Amino acid sequence: MTKKENKVAKFECYIPDARVEMWSTQHIPFEPKGEVKQARDCLKAKIKCLDCNGQDTAPNKRVRHAVYWSLDESNNASDVENILTYNIGVWTEVSKEFPILRFERAFRSPPKNSNLPEATHHYSYRIRGEGNDFDHWKLVKPCWNIEVPLNQSVPFKGDYAHYGFWLATSRAIAKKSPPTMPLFTDSNRFALKVRVQLPGGKPVCVKKLLDGVITAMHPYKGVNIDEVAAGIAKVAPLKCLQKEAKQLLSSRTGSPLAPRECFQRYSGAKNGLKMNPGDDRCVAVEISLIRECVEPDCMHVELYAFTDKCPCPLIC
């Protein structure tokens, strides 16, 4: 093992400033092994300390904000939600304790760290006040938005929550007029803001919400549509018949994102499918709970184009 491989990560923790940062020579994958797992566990523990301190602040100052810096655009280092939350095992839900989660991807070299100058990846986690915005992106007005009713008969928790979010969003899109703007292409990056109130005020699983919503925002193309509709109908908690699933997959004039094989065959799932959203193109996300009680339960989704806040060259 080379010296560079031995020096997987450098941690510097700024608890008084409500911030945890990590520099690394590689990104942390899901279920890492060896030294990378040790680095992940250390980062996870420090973020949990950050959360404990954050609970002592006023509710309007409990905004979780995470940023990932890297020039690496390979497939395994592009999905910012997985990189910052799911792979680390932190900040996977939005709840009353921390009602706003904001995370973003910066396509730049990490800030310099004299203790690890060869670092190519940088993770940053902070607890901030509500008055702040994304660090690296300036969002222009929404290109597209939709109001999604959240029927209590549809599952938004548990193993099939992503199908619940897909179904609710797909039903809303089916009733929506075609976008006035051209579809985003596969090469276009985008940003999302989601405000949500689940039945009973339950916490929101970040990964399930984003997988379901972004999958629903793509018109479907790919393997046999009847096969996919049958797989969706096998998800019993959805109570969605194959006929409706096929209609939702085939009638998507209101969808804002480019056509995609957003469902793929997967033998590891009971229904033979897995979702394949274009979430690697999403560089900035804000998910917040709706604090004023609204009836019925709903979700408001806004899709944004953006400009770069920094003058330095950016891959876009």
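State which residue is nearest to GLU147 (Cα to Cα) when the search covers only segment 259-308 and only residues that are touching a residue at least 60 places away in the same chain (Cβ under 8 Å) and among the polar types (S, T, N, Q).
Here the residue is SER288.
Yes or no: segment 252-263 includes at least one residue that is modelled with pLDDT of 95 or more, in a strand (DSSP E or B) and over 30 Å from ASP133 (Cα atoms).
Yes; the residues of segment 252-263 include at least one that is modelled with pLDDT of 95 or more, in a strand (DSSP E or B) and over 30 Å from ASP133 (Cα atoms).
Look at VAL90 and say whether it is touching a residue at least 12 places away in the same chain (Cβ under 8 Å) and touching a strand residue (DSSP E or B) at 6+ places or on another chain (Cβ under 7 Å). Before the answer, list the steps.
Working: touching a residue at least 12 places away in the same chain (Cβ under 8 Å): yes; touching a strand residue (DSSP E or B) at 6+ places or on another chain (Cβ under 7 Å): no.
No, not satisfied.
So if I check each of THR169, THR215, which one is within 17 Å of ALA284 (Cα to Cα) and under 16 Å from the mean Cα position of the chain (by Cα)?
Numbers: THR169 fails: within 17 Å of ALA284 (Cα to Cα).
Among THR169, THR215, only THR215 is within 17 Å of ALA284 (Cα to Cα) and under 16 Å from the mean Cα position of the chain (by Cα).
Just one of (1) modelled with pLDDT under 90; (2) among the polar types (S, T, N, Q); (3) in contact with a helix residue (DSSP H, G or I) (Cβ under 8 Å, 6 or more places away or on another chain) trips up THR180, so point out which.
Checking THR180 against (1) modelled with pLDDT under 90; (2) among the polar types (S, T, N, Q); (3) in contact with a helix residue (DSSP H, G or I) (Cβ under 8 Å, 6 or more places away or on another chain), the one that fails is (3).
If a residue must be assigned to a helix (DSSP H, G or I) and in contact (Cβ under 8 Å) with a residue 12 or more places away in the chain, how many such residues does segment 162-203 contain?
Within segment 162-203, the first condition is being assigned to a helix (DSSP H, G or I), and the residues that meet it are 162-174, 199-201.
In the following step, the residues that additionally are in contact (Cβ under 8 Å) with a residue 12 or more places away in the chain were identified as 162-174, 199, 201.
The qualifying residues number 15.
From SER267, SER288, grab the single residue that is at pLDDT 90 or above, outside the structural domain of GLU81 (by TED's automatic domain parsing) and over 22 Å from PRO203 (Cβ atoms). Write out each step before concluding.
Numbers: SER288 fails: over 22 Å from PRO203 (Cβ atoms).
Residue meeting the stated conditions: SER267.
Please work out which one of (1) crowded, with 19+ Cβ neighbours inside 10 Å; (2) on the phi < 0 side of the Ramachandran plot is the condition TRP91 fails and give its number.
(2)
Which ones in segment 208-229 are touching a strand residue (DSSP E or B) at 6+ places or on another chain (Cβ under 9 Å) and surrounded by fewer than 22 Cβ atoms within 10 Å (Cβ to Cβ)?
PRO219, LYS221, GLY222, VAL223, GLU227
Just to check your reading of the model, which residue among GLU261, GLU286 is surrounded by 19 or more Cβ atoms within 10 Å (Cβ to Cβ) and closer than 22 Å to ASN82 by Cβ?
Working: GLU261 fails: surrounded by 19 or more Cβ atoms within 10 Å (Cβ to Cβ).
None of the other options fit; the residue is GLU286.
Name the pairs whose Cβ atoms lie under 9 Å apart, with the first residue in segment 32-55 and more than 30 Å from GLY129 (Cβ to Cβ) and not assigned by TED's automatic domain parsing to the domain that holds THR85, the second at pLDDT below 90 and not small (Gly, Ala, Ser), and 6 or more positions between them or separate chains?
If the second residue must be at pLDDT below 90 and not small (Gly, Ala, Ser), no pairs are left.
For segment 138-153, indicate whether the set of residues that are in contact with a Pro (Cβ under 6 Å, 6 or more places away or on another chain) and within 19 Å of HIS27 (Cβ to Cβ) is non-empty.
no
Given the condition assigned by TED's automatic domain parsing to the domain that holds ARG40 and free of Cβ contacts under 8 Å to residues at least 24 places away in the same chain, answer yes or no: does some residue in segment 102-116 qualify?
Within segment 102-116, the subset assigned by TED's automatic domain parsing to the domain that holds ARG40 is 102-116.
Checking the rest, the ones that are also free of Cβ contacts under 8 Å to residues at least 24 places away in the same chain come to 112, 114.
Scanning segment 102-116 turns up at least one residue that is assigned by TED's automatic domain parsing to the domain that holds ARG40 and free of Cβ contacts under 8 Å to residues at least 24 places away in the same chain.
Considering only residues that are modelled with pLDDT under 90 and within 22 Å of CYS49 (Cα to Cα), look in segment 61-95 and name the one that is nearest to the chain's Cα centre (by Cα).
Top of the filtered list is ARG62.
Tell me which residues, restricted to segment 117-142, are among the hydroxyl-bearing types (Ser, Thr, Tyr) and either free of Cβ contacts under 8 Å to residues at least 12 places away in the same chain or crowded, with 18+ Cβ neighbours inside 10 Å (or both).
If the condition is that a residue be among the hydroxyl-bearing types (Ser, Thr, Tyr) and either free of Cβ contacts under 8 Å to residues at least 12 places away in the same chain or crowded, with 18+ Cβ neighbours inside 10 Å (or both), then TYR123, SER124, TYR125 are the ones that fit.
Is there any pair linking a residue in segment 227-240 that is farther than 18 Å from SER267 by Cβ to one that is of a type in the set (Phe, Trp, Tyr) and surrounded by 22 or more Cβ atoms within 10 Å (Cβ to Cβ), with Cβ under 6 Å and at least six apart or on different chains, and which?
Sorted first by the residue in segment 227-240, then by its partner, the pairs are LEU238/TYR163.
The values are calculated or read from the model by the stated rules, or taken from the named source; none is laboratory data. The model shown is predicted, which means the values in this text are computed figures rather than measured ones. Neighbour counts run over all protein chains shown; Cβ positions are idealised from the backbone, glycine included.
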